[in-house]
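Here's the structure, in structure tokens; my notes come after.
Read the figures in this text as sums done on the coordinates, not as results from a lab. These numbers come from a predicted model, not from an experiment. Glycine gets a Cβ as well: all are built from the backbone with ideal geometry, and neighbour counts include every protein chain shown.
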Amino acid sequence: MRGALPLFRFLDDCHARGERTVLVTLTDLLGRSSRAPGAHMAISQSGASMGSFSGGCVEAAVVAEALEVLETGHARLVRFGAGSRYIDIRLPCGGGIDLLFTPDPDRGTVAAITDRLTQRAPALFALEKSGGISLAAGAPEGWQGDRFLCRHDPDPALLIVGHGEETLALVRLALAYPAGVGVLSPDRSIVDHARQIGANAYRLLSPQSTDAVMADPFTAIIFLFHDHDWEADLMMKALSTPAYFIGAMGSRGTHALRCEELRRRGVSKMDVDRIIGPVGLIQAVRDPAMLAVSILAQLVASGGARPDLMVEA
């Protein structure tokens, strides 16, 4: 589920105010749906909510059901849409969704999930049909007997390293996506502008400013240099990180030269091959805005962070 962290922060904030809450989880689909199993809504006793399961056709009913669940204090599994007892509620896609209502989810577990996502670590937890919630480890998502396992990864982040209008064009688009955006540039004006529009931006003082290049497995790094003398040291540092995607702007000829330089510096072919160049789904793009669209589309198409990451409770 994208955006899981704000939802669990919502639950945390409600708990801090002394408000009771319900965590609602989509566990099964009948036919088609706009959301996948593992999606959530969070609902407070005041009726405030976060998250959704459709384009607005079931959310009011879900809130009403959640408030009833709070009154009884008992978890329940409810079908909405096709096959539901609520014959007046229909999903636009014609399908059905099963929702597990968990009243008063354990504060400690909710806080632990929030903390893991805040620290940009995956969070895996189990929801019991009886209403329990606890951290879990190493199991596949979905139903395991009477337990439904959910996994949420941190939202993707993007580190843009470069200069020129292409850098700002990608910053603007990525912020609208939205993704956490960092910028490293030797150009002070780009750094200042990127900060003004919401990115975390820092100035590179030299090509050897490699300590600034940091990434986790949920981060993509994109190099957008016209002056390719800036690249080699910074790329070598990028290759030492677990970034799930590393891409670089330039022609095929430019990319061949950069790979040759990295190999000359002792970088293995396997590591060099991690660098996607020319970056972007659309080849030979010269317009900065179109290049930004092309790059972001490739990042989305790549499937995001590495799926092989293990999760520990």
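Sticking to Cα atoms, compute the Rg of the chain to one decimal and its Dmax as the biggest Cα-Cα distance, whole number, in Å.
Calculated on Cα positions, Rg and Dmax stand at 22.7, 69 Å.
Quick check of the Kirkwood formula: for the stretch 157-301, what is the inverse mean of 1/r over all pairs of different Cα atoms, in Å?
Numbers: mean 1/r = 0.0673 Å⁻¹.
The Cα-based Kirkwood calculation yields 14.9 Å.
Could you give the length gained on full extension between Ser240 and Arg107, defined as 0.36 nm per residue of separation minus the Cα-Cα distance, in nm?
Details: separation 133, 0.36 × 133 = 47.88 nm, distance 3.75 nm.
In short, 44.1 nm is gained.
Over the stretch 151-255, what is the percentage of antiparallel beta bridges among all DSSP beta bridges, to the nearest 5?
Working: 0 of 19 bridges.
That works out to approximately 0 percent antiparallel.
Can you compute the FRET efficiency between Ser268 and Glu165 using 1/(1 + (r/R0)^6), with r the Cβ-Cβ distance and R0 = 41 Å? Round to the nearest 0.05. Walk me through the intermediate numbers first.
Values: r = 34 Å, r/R0 = 0.82.
The value I calculate is 0.75.
Quick one: which residues, 5 or more positions from Val161 or on another chain, have an amide H under 5 Å from its amide H? H modelled 1.01 Å from N in the peptide plane, none for Pro or chain starts.
Residues meeting the amide H criterion: Leu184, Ile222, Phe223, Leu224.
Taking +1 at the Cβ of each Lys and Arg and -1 at the Cβ of each Asp and Glu, which of Ala121, Cys14, Phe148 sits farthest along the dipole of the stretch 4-152 towards its positive end, judged by Cα position relative to the Cα centre?
Farthest towards the positive pole: Ala121.
Would you work out which of Val191, Ser130, Tyr244 lies farthest towards the positive end of the dipole of the chain, given +1 charges on the beta-carbon of Lys and Arg and -1 on that of Asp and Glu, about the Cα centre?
Tyr244
Which cross-chain or sequence-distant (5 or more) residues have an amide H under 5 Å from the amide H of Asp106, H modelled 1.01 Å from N in plane?
Amide H to amide H, under 5 Å and 5 or more residues apart or across chains, Asp106 pairs with Ile133.
Distance from a point 7 Å along Cα→Cβ of Ala48 to each backbone N in the stretch 1-28: keep the residues under 16 Å and list them by number.
6-23
Can you give the FRET efficiency to the nearest 0.05 for Glu141 and Leu205, using r as the Cβ-Cβ distance and R₀ = 51 Å?
On the way: r = 45 Å, r/R0 = 0.88.
My answer for the efficiency is 0.70.
If you put +1 on each Lys and Arg Cβ and -1 on each Asp and Glu Cβ, how big is the dipole of the stretch 157-301 around its Cα centre, in Debye rounded to 20? All intermediate terms of the calculation are to be shown ahead of the outcome.
Working: 13 positive and 15 negative charges, 35 e Å.
Using only the charged Cβ atoms, the result is roughly 160 debye.
Using +1 at the C-beta of Lys and Arg and -1 at the C-beta of Asp and Glu, which of Gly280, Leu205, Gly253 has the Cα lying farthest in the positive direction of the dipole of the chain?
So the residue we want is Gly253.
Quick check on the chain: helices-only [θ] at 222 nm, where DSSP H runs of length 4 and up contribute -39,500 (n - 2.57) each and the sum goes over total residues. Nearest 500, please.
Numbers: 9 runs with 100 residues, N = 313.
Mean residue ellipticity at 222 nm (helix-derived): -9500 deg cm²/dmol.
Which whole-percent values make up P(r) of the stretch 4-152 when all C-alpha to C-alpha distances are grouped in 5 Å steps starting at zero?
2, 10, 20, 24, 22, 14, 7, 2, 0
Please identify, among Glu166, Glu260, Glu231, the residue showing maximal mean-square fluctuation in a Gaussian network model of the chain using a 10 angstrom Cα cutoff.
Answer for the Gaussian network model of the chain: Glu260.
Report the full-extension gain for the segment Ala297 to His74: residue separation times 0.36 nm, less the Cα-Cα distance, to one decimal in nm. Each step should come with its number before you reach the end.
Working: separation 223, 0.36 × 223 = 80.28 nm, distance 4.37 nm.
Going from the current span to full extension adds 75.9 nm.
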